[in-house]
Amino acid sequence: MEAEPLKDFSLEAYLSLEEESGVKYEYHDGTVVAMAGGTIEQGLISGNIFGELKLGLRGHQKPCRAINGEVKLHIASFNKYLYPDAMAICGPLQRAPQHQDAIINPTIIVEVLSASTERYDRGDKFFFYRQIPTLKAYILIDQYSPSIETYNRIGDLWQITRTTGLDKSLAIEALNLEIQLSAIYEGVVWE
């Protein structure tokens, strides 16, 4: 069962709520929504993709860094604070002026799909993410089978690529990086 959203929250009240409760919440221009806990598979996949990004970006030709799902992303044009499952940032790290613990300039964003969030991740959330000028790729990882969709920004358009099968590699063009799907899904057992 999903928690009811809390309405009419100022940014300050939202930040205080997170700090005092120790619970992660998304902030949607005055509405606060508690983040649901994930499955074991989602946790494994999120950890694996973060680890692979971190390893792959070490010694990279341009300064890029991987960020895990504990860091907030601020989308100023919609007054939103969200928690992607993983991100990578190339170039200087830019923080939200109103909250220094949130970043504003991801190069790629990764979400691990679940039955309860898939529609949102593919729809409204992707719409919000597309407004971020620095975003070059949006990666959706299926937790129920070895399948990944990558949306690459080419000018004003987004090109979709699907990669399926543990024997394949995920090509992240924006980072000039390839990651084996077997590494992303390491430890995941499907029934």
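Here are a few things to note about the model shown:
- Residue identified as open to solvent by 100 Å² or more (accessible area, probe 1.4 Å) and at pLDDT 95 or above among 181, 157, 166, 170: 157
- Single unsatisfied condition, residue 91 versus (1) open to solvent by less than 50 Å² (accessible area, probe 1.4 Å); (2) modelled with pLDDT of 95 or more; (3) more than 27 Å from residue 167 (Cα to Cα): (2)
- Within segment 111-129, residues that are farther than 13 Å from residue 151 by Cα have Cβ atoms under 8 Å from residues that are part of a loop (DSSP other than H, G, I, E, B) and open to solvent by less than 10 Å² (accessible area, probe 1.4 Å) in these pairs: 112/143; 113/143; 114/143, counting only partners at least 6 apart in sequence or on another chain.
- Selection within segment 95-106 - in contact (Cβ under 8 Å) with a residue 24 or more places away in the chain, open to solvent by 10 Å² or more (accessible area, probe 1.4 Å) and either among the charged types (D, E, K, R) or not in a strand (DSSP E or B) (or both): 98, 101, 104
- If the condition is being in contact with a strand residue (DSSP E or B) (Cβ under 9 Å, 6 or more places away or on another chain) and open to solvent by 40 Å² or more (accessible area, probe 1.4 Å), then segment 22-33 contributes 23, 24, 29, 33.
- Residues located in segment 136-156, provided they are part of a loop (DSSP other than H, G, I, E, B) and touching an Asp or Glu at 6+ places or on another chain (Cβ under 6 Å): 143
The values are calculated or read from the model by the stated rules, or taken from the named source; none is laboratory data. Keep in mind that what you see is a predicted model, and the values were worked out from it rather than measured. Here the Cβ is made from the backbone with ideal geometry for all residues, glycine too, and neighbour counts use every protein chain on show. Accessible surface areas use protein heavy atoms only, side chains included; no ligands, DNA or RNA. Shrake-Rupley method; radii C 1.70, N 1.55, O 1.52, S 1.80 Å.
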